[in-house]
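**Student:** Quick one: the structure is below, and I'll ask about it shortly.
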Amino acid sequence: DAVKGVVCAGLERALQEVSKSQKAWLLRDTMDAVLADLGGASRGSRQAWLPSAAAASGTLGACAGSLANVTRMAASGAATGTTDGMSVAAGAGSLEGFEGP
């Protein structure tokens, strides 16, 4: 649950960003933190905004609920629009069209 909690926190934060570049860096920081946690290494300073592995397990439930709400809003069309010239519609949580940093 610790890895899921860290990933969920990263996804939640990335969904709040408008810039594709910033989203990409947040997701990269999330993956770097997960790899560090799994490898027993300390995280870099760029991952300080993410919950620690120990704390992430406790926040997973609330985070997962928050992401589920975003997914439901996208599926209902409530979150339809454009972001940086990229259309956001139902299924906006997918990585289709993701260009990276």
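**Student:** I'd like the accessible area for Arg43: 1.4 Å probe, protein heavy atoms, all chains in place, Å² to the nearest 10.
**Tutor:** The accessible area of Arg43 comes to roughly 60 Å².
**Student:** List the relative contact order of the range 1-60 as a percent without decimals, with contacts defined as Cα pairs under 8 Å and 6+ residues apart.
**Tutor:** 55 percent
**Student:** Let me ask something additional. With θ set to phi - 60° and the Karplus curve 6.51 cos²θ - 1.76 cosθ + 1.60, what are the ³J(HN,Hα) couplings of the range 53-65 in order, to the nearest whole Hz, using x for Gly and Pro?
**Tutor:** Karplus values, whole Hz, x for Gly and Pro: 4, 5, 6, 4, 4, x, 9, 4, x, 5, 5, 4, x.
**Student:** HN-Hα J couplings of the range 23-40 from phi, Karplus 6.51/-1.76/1.60, θ = phi - 60°, integer Hz, Gly and Pro as x?
**Tutor:** 4, 4, 5, 5, 5, 5, 4, 5, 5, 4, 5, 4, 5, 5, 4, 5, x, x
The values are calculated or read from the model by the stated rules, or taken from the named source; none is laboratory data. If you're wondering where the values come from, they're calculated on a predicted model, not measured in any experiment. When the accessible area is computed, the model is the full protein with side chains, heavy atoms only, and any ligands, DNA or RNA have been set aside. Shrake-Rupley method; radii C 1.70, N 1.55, O 1.52, S 1.80 Å.
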